[in-house]
Amino acid sequence: MNSSAEHTDRVIDAASDNWVHRVLPRWLWPYAQLARWDRPIGWQLLMWPCFWSSALAANVLAAEGRLSLALFAVHLVLFFVGSVAMRGAGCTYNDLVDHEIDDKVARTRSRPLPSGRVSRRNAKIFMGLQALVGLAVLLCFNLFSIVLGMASLVVVAIYPFAKRFTDWPQFFLGLAFSWGGLMGWAGLHGNLSLAAVLLYVGAVAWTIGYDTIYAHQDKEDDALVGVRSTARLFGDDTKLWLAGLYGLTLILLLIAFVTAGAGFPAILGLVVAGGLFAWQIKVLDINDGAQCLALFKSNNRIGLIIFAGLALALPFA
């Protein structure tokens, strides 16, 4: 393979001026690309359900006069570090599983493994190191949270293979990426509740929605190589499906917030998020790959807005 991306050690669908190329030594670039450090949107979307869940749990504890602000802040830092580490480990694992498929897709063939810039052996070592960082973070939580976090590995292991046996691989991604919706609550309460489960299911629906938009970038190549996705399944009906998925997200989060007794700012955050969801659906052009990527990334703002609403809803905020 002789693409210009390989000669410059760049990945086609990553910005050429990102911090990886400006700050890190050149030998580390392919590992940073494996972990997607040059594309922070992945760990951001993994992090927000953790933050939502932790903030919702904090609202309950604050109302009861039992919240430690210091512990809450420490948990947010741990979720940030864990999200970066586990998203990187997950992407490395996914690239190992999809090595041959990535070589056949225009957008992915410049990645470190198919381009030959990282060996499979070194990728496995790198994945293990990132997983160890994730384990170190997990061990900082209570026993219930540790067991719960370990259970997520079952879904994480299945996800890269889902596109081979179902039209709903985004559902499996949602199960894995939304696990923080359970972890945040468990970290502060040492158990689960109806509110946490509702938040988790809502985050799953959100993930299916935004990753369907993302998958529309690759639908032609996916069809050629036999990769399945909700983008291919929904096709021209994608906007209708997104209305249902995003609507379900808002309904489930609203019920979770009301069940936990979160205040008005949390509800207001959902209203603003709903407006942004409606905007995504209105302007979406499923045949414009660049726009699909931009709309996918805009979900980071939605995650932030929902968290900000929950944070402002804290009784003493």
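Quick notes on this one:
- Inter-residue pairs, beta-carbon under 7 Å, first free of Cβ contacts under 8 Å to residues at least 60 places away in the same chain and in segment 82-103, second of a type in the set (K, R) and in a helix (DSSP H, G or I), 6+ apart: L96/R120; L96/K124
- Count of segment 215-236 residues which are outside any helix (DSSP H, G or I) and polar (S, T, N, Q): 1
- Restricted to segment 17-38, and to residues there that are in contact with an Asp or Glu (Cβ under 8 Å, 6 or more places away or on another chain) and either of a type in the set (D, E, K, R) or in a loop (DSSP other than H, G, I, E, B) (or both), the residue that is surrounded by the most Cβ atoms within 10 Å (Cβ to Cβ) is N18.
- Counting only residues that are closer than 18 Å to D38 by Cα and either at pLDDT below 90 or touching a Leu at 6+ places or on another chain (Cβ under 8 Å) (or both), segment 118-132 holds 4 of them.
- L314 out of contact with any Asp or Glu (no Cβ under 9 Å at 6 or more places or on another chain), under 15 Å from A203 (Cβ atoms) and not hydroxyl-bearing (S, T, Y): no
- Test: residue in segment 244-267 that is of a type in the set (S, T, N, Q) and free of Cβ contacts under 8 Å to residues at least 60 places away in the same chain: yes
- Any hit, segment 165-180, residues being of a type in the set (D, E, K, R), assigned to a helix (DSSP H, G or I) and farther than 14 Å from S54 by Cα: no
- For segment 171-191, the set of residues classified as crowded, with 22+ Cβ neighbours inside 10 Å and polar (S, T, N, Q) consists of S178 only.
- Candidates A85, A70, A57 - the one that is over 24 Å from L175 (Cβ atoms) and part of a helix (DSSP H, G or I): A70
- Restricted to segment 237-317, the set of helices (runs of 4 or more DSSP H) holding at least 1 residues that are among the hydroxyl-bearing types (S, T, Y) comprises 238-260.
- Condition check for L113: assigned to a helix (DSSP H, G or I) and either closer than 23 Å to R164 by Cα or at pLDDT 95 or above (or both): no
- Sub-6 Å Cβ pairs linking a first residue in segment 25-45 that is without any contact (Cβ under 8 Å) to a residue 60 or more places away in the chain and under 21 Å from R301 (Cβ atoms) to a second residue that is basic (K, R) and outside any loop (DSSP other than H, G, I, E, B), at least 6 apart or interchain, are G42/R87; W43/R87, ordered by first then second residue.
- Unmet criterion (only one of (1) crowded, with 19+ Cβ neighbours inside 10 Å; (2) more than 17 Å from A186 (Cα to Cα)) for F141: (2)
- Residue in segment 40-49 that is under 23 Å from A290 (Cβ atoms), among the aliphatic types (A, V, I, L, M) and modelled with pLDDT of 90 or more present: yes
- Hits in segment 181-195 (condition: assigned to a helix (DSSP H, G or I) and within 14 Å of A151 (Cβ to Cβ)): G181, L182, M183, A186
The values are calculated or read from the model by the stated rules, or taken from the named source; none is laboratory data. Computed from a prediction, not measured in an experiment: that's the story for all the values here. Here the Cβ is made from the backbone with ideal geometry for all residues, glycine too, and neighbour counts use every protein chain on show.
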